[in-house]
1. Taking H placed 1.01 Å from N in the peptide plane, check which residues at least 5 places from residue 213 or on another chain put their amide H under 5 Å from its amide H.
2. Whole-Hz Karplus ³J(HN,Hα) for segment 286-297, in order, using 6.51 cos²θ - 1.76 cosθ + 1.60 and θ = phi - 60°, x for Gly and Pro?
3. With a 10 Å radius around each residue's Cβ, average the other Cβ atoms per peptide and rank 221-229, 303-311, highest first.
4. For q values of 0.13, 0.16 Å⁻¹, compute log₁₀ I(q)/I(0) with the Debye formula on a Cα-only model of segment 371-439, without solvent.
5. Let me know the shape class of segment 223-286, please: from the alpha-carbon gyration tensor, a ≥ b ≥ c as square roots of the eigenvalues, rounded when a/c is under 1.5, otherwise prolate if a/b is greater than b/c, or oblate.
6. Assuming a ≥ b ≥ c are the square roots of the Cα gyration tensor eigenvalues, decide whether segment 151-396 counts as rounded (a/c under 1.5), prolate (otherwise, with a/b larger than b/c) or oblate.
7. Over the Cα atoms of segment 400-477, what radius of gyration and what Dmax do you get, in Å?
8. So what is Rg over Rh here for segment 198-312, counting just Cα atoms and using Kirkwood for Rh?
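Throughout, read-outs are computed from the coordinates displayed, never taken from laboratory work. In this text, all values refer to a predicted model and were calculated from it rather than measured experimentally. In this analysis, Cβ positions are derived from the backbone assuming ideal geometry, glycine residues included, and neighbour counts consider all displayed protein chains.
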Amino acid sequence: MRTAIFSLILAAVLLFAFQVFLFGDYNKELAGLSEQVARTEGLRKQLRLALDRHTNISKLFNEVDGHLEAAYTRIAEDQAQQADNRPADRTRRQERNGSAPAALAVGRQHALPGGAGRLVGGAAKAREYPSGHEDEECVGDPVNSMGVVAAVVTVVFNRPDYLRRHAASLLAVHGSDIGNMQKFPLFFSQDGTPPHLATQEVAKSYSQISYLHHVERVAPVVRQSQEKIEYYRIAAHYRFVLRTMFDCFQYSRVIILEEDMELSPDFFSYFEALTPLLDTDTTLMCISSWNDHGQDKFVRDARQLYRSDFFPGLGWMLRNELWQELKSGWPGSYWDDWLRQNGTRKGRQCIRPEICRNYNFGRDGSSKGMFFSQFLEPIRLNREPVDWMAADLSYLELPRYDEEMRAMLAAAKVVGSVEDVAGLSGDVKLLYDSQPHYEKLAAGFGMLLEWRDAVPRGAYRGVVSIRWGEARVFFEPSANYVEPELHHEEYVHVDANGAILRKGAP
């Protein structure tokens, strides 16, 4: 079956390429190509829906996507070469390249199989910016962001194989809607001085993705000798990315990704639908595509979203206004834990899904695969189609969200342990009196137990929710709950992954 699918799609690609070279008239080439692409794209979407649940065939389909991308790259290059022979087209292209990044050039856009979106007859390659530093002059001028929902930046370092896998997923999802080319411009930002060359070669190879490079002038000084310097370099790189996107390019919103992520088919529509809420609700600081308790055994509803006091990270969107507030205090290390501190959050939350919209496959990284097998590998990536643009998301607004949450907790059946949940359905709750008590209860389900600044992962006002069989389980602070003591400046030890742990933030 796999061989037949592969042969059929590859044959279609070869047929398209043959037609392009066969016809002498440029306009006929474009018309014929567009018609063929439309038919094949429809078939491709049907195949993708049918095969997504079958891992081996889906893997083969991704490989076919790569062949499609390569074929259309060749076609686009041949078209551009033909255009170079016409003085009028060459002049127009030179004018565009001289006035704006190629990624923003105006041209006729055609959706191509494999998720490849190109500017046919115009400049297709995205811009490569000069190397830059977070405290030096901008690497580029403000861009024309009309129609942009959010710029999308993938943070890259030294894992070329991971980056290829990430790019295949990113471009497939991004290319499924031609409007995403305008709404979500793509960037790779690589760290490293000098940059990892094999990774840089991969990062620069995509004509749809602009390239940034962050340089380090002076090596950072760690506070404890056992710490890993990478945590300091990551914080500096993030500062460079956010400053470049917001202060230099002046985008209104940015989505941050990492090079070891795959995306769900509804990733971009999810963020687009939640943008108005982020723009208008001052009690929100971000939209996230990640659920720390998104392991397959804990989730069920693809449409359910929650507020969270715990910053999730791992695929998140923030606004320029938040960056302007945060940038003067940006930390020299552990930027994500800094965002989780109450003094930084100021009572604001992030929106998170029940089922994750990205999947982190990075077993190897700065944390050496910490908890990967137990907590990251089992994450469920959403595959269910959701029409987010038609969804009613008003339940996420305050005070309605609080009112409905109180009603659900009041109606939930009180149980004492994981054993008591077996066989139940509907909403149930476990009451906890302290952080150690919560950890004991949550450990019975096999949950991630981390807290930061007196907030458990995934919690809203202390309440954490998971699915367990047919039940939805709430962990709720009891009337006798005692908050943990916090000592933000008292360092306890450096863990096995080279990260500092503090009292009150195990």
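1. So residue 213 has HN proximity to 132, 190.
2. For segment 286-297, the Karplus curve yields 6, 10, 10, 9, 10, 10, 4, 9, x, 4, 3, 6 Hz.
3. In decreasing order of mean packing, 221-229, 303-311 become 303-311, 221-229.
4. -0.72, -1.03
5. Values: a/c = 2.18, a/b = 1.68, b/c = 1.30.
Taking the square roots of the gyration eigenvalues as a ≥ b ≥ c, segment 223-286 is prolate.
6. Rounded, since a/c falls under 1.5.
7. Values for segment 400-477 (Cα only, Rg and Dmax): 11.9, 35 Å.
8. 0.99
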